[in-house]
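Right, one structure below, let's go through it.
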Amino acid sequence: MPIVRNHPAAYATVTLAATLALSGIAMSKPAPPSGAKLFAVHCSRCHGPGGRGDIGPDLRGTDLPVSDIKDTIKSGVPQEMPAFDAKLKSAQITALVRYVKALPAPKG
Ligand code: HEC
């Protein structure tokens with residue numbers, strides 16, 4: 001009977017399933033949102049790539065406190081900038097604030 005020969009195959013199947021289950025657990029850990037990616041998607045059309053300014057102001061090296069940056073992103077500016085509090089999760093807004101605050105001031 002092939003029972004004995006089937007054992008290694010059955011063992012391999014179980015091992016594979018366990019490996020997939022484990023990697024599934026590892027992959028389900030949510031990655032923190034990327035401020036750079038969020039900025040490119042939601043902000044750069046007005047503030048330019050890397051926040052260098054376009055129809056919206058240059059954000060590099062901003063002196064604005066974190067709380068003001070956060071409020072501006074959440075509430076927007078009437079007639080100028082849309083509000084993002086309904087579009088983005090608070091972790092995404094936090095990532096954007098960190099990204100903007102970390103933009104280096106232009107040299108020169
Ligand atoms: C539709 C264009 C537009 C979009 C999209 C936009 N902004 Fe703005 N943003 C502006 C304009 C215009 C101003 C200047 C408003 C004013 O006159 O005070 C501004 C102001 C700001 C300010 C205050 C700057 C300062 O020095 O006073 C911050 C910070 C800011 N935006 C961040 C962001 C971030 C982060 C995003 C993406 C989540 C974003 N903006 C998306 C147009 C935009």
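The values are calculated or read from the model by the stated rules, or taken from the named source; none is laboratory data. Just so you know, these numbers come straight off a predicted model, no measurement behind them. Cβ atoms come from the backbone with ideal geometry, glycine included; neighbour counts cover every protein chain shown.
Residues in the stretch 60-96 that are under 13 Å from H42 (Cα atoms) and near the ligand (Cβ under 9 Å from one of its atoms): I73, G76, M81, P82, F84, K87, L88, Q92, I93, L96. Among the residues making up the stretch 1-59, those that are modelled with pLDDT under 60 and not in a helix (DSSP H, G or I) are M1, P2. Scanning the stretch 60-70 for residues that are outside any loop (DSSP other than H, G, I, E, B) and surrounded by fewer than 17 Cβ atoms within 10 Å (Cβ to Cβ) returns V66, S67, D68.
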